[in-house]
Amino acid sequence: MEKPEPLWEFPELERLHARLEAEYELRDRARALDAKLDLLSRSCETLIGLVQARRSLRVEWYVVFLIVAELCLSIFALDRRARPGAGPCGRGRLDPGQG
């Protein structure tokens, strides 16, 4: 633990600081605080990782949906080319002379 700024300016306060540090267990409290902050930091990193994973999974599903939609449109276009006489409802075109 670093010395506070006033101890550099007033070295006679160093003994008082040492006694207060021992009485209030500042080193132990600082270690406990560091451990809690480390745990909090790791928890935040884990949470951020989960959020990013969820977002990337959603994007992957969007890509899958777009691929399936493109396949459906391609199959529909191939089907229409295979049957040139088919109209929009699957019926043959009416010949103007048949009407």
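The values are calculated or read from the model by the stated rules, or taken from the named source; none is laboratory data. Values in this document were obtained by computation on a predicted structure and should not be read as measured data. Please note: Cβ atoms are built from the backbone with ideal geometry, for glycine as well, and neighbour counts cover all protein chains shown. We work out accessible area using only protein heavy atoms, side chains counted, and drop any ligands, DNA or RNA first. Shrake-Rupley method; radii C 1.70, N 1.55, O 1.52, S 1.80 Å.
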*Going by the structure shown, is residue 77 at pLDDT below 95, surrounded by 10 or more Cβ atoms within 10 Å (Cβ to Cβ) and assigned to a helix (DSSP H, G or I)?*
yes
*Selection count, the stretch 44-79, where residues are under 14 Å from the mean Cα position of the chain (by Cα) and either under 30 Å from residue 1 (Cα atoms) or not aliphatic (A, V, I, L, M) (or both)*: 10
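Pick from the stretch 80-99 the residues that are of a type outside the set (Gly, Ala, Ser) and surrounded by 10 or more Cβ atoms within 10 Å (Cβ to Cβ): which of them is modelled with the highest pLDDT?
Here the answer is 80.
Yes/no per residue for (1) open to solvent by 70 Å² or more (accessible area, probe 1.4 Å); (2) among the β-branched types (Val, Ile, Thr); (3) not in a helix (DSSP H, G or I):
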position: 3; (1), (2), (3): yes, no, yes
position: 7; (1), (2), (3): no, no, no
position: 15; (1), (2), (3): yes, no, no
position: 22; (1), (2), (3): yes, no, no
position: 31; (1), (2), (3): yes, no, no
position: 47; (1), (2), (3): yes, no, no
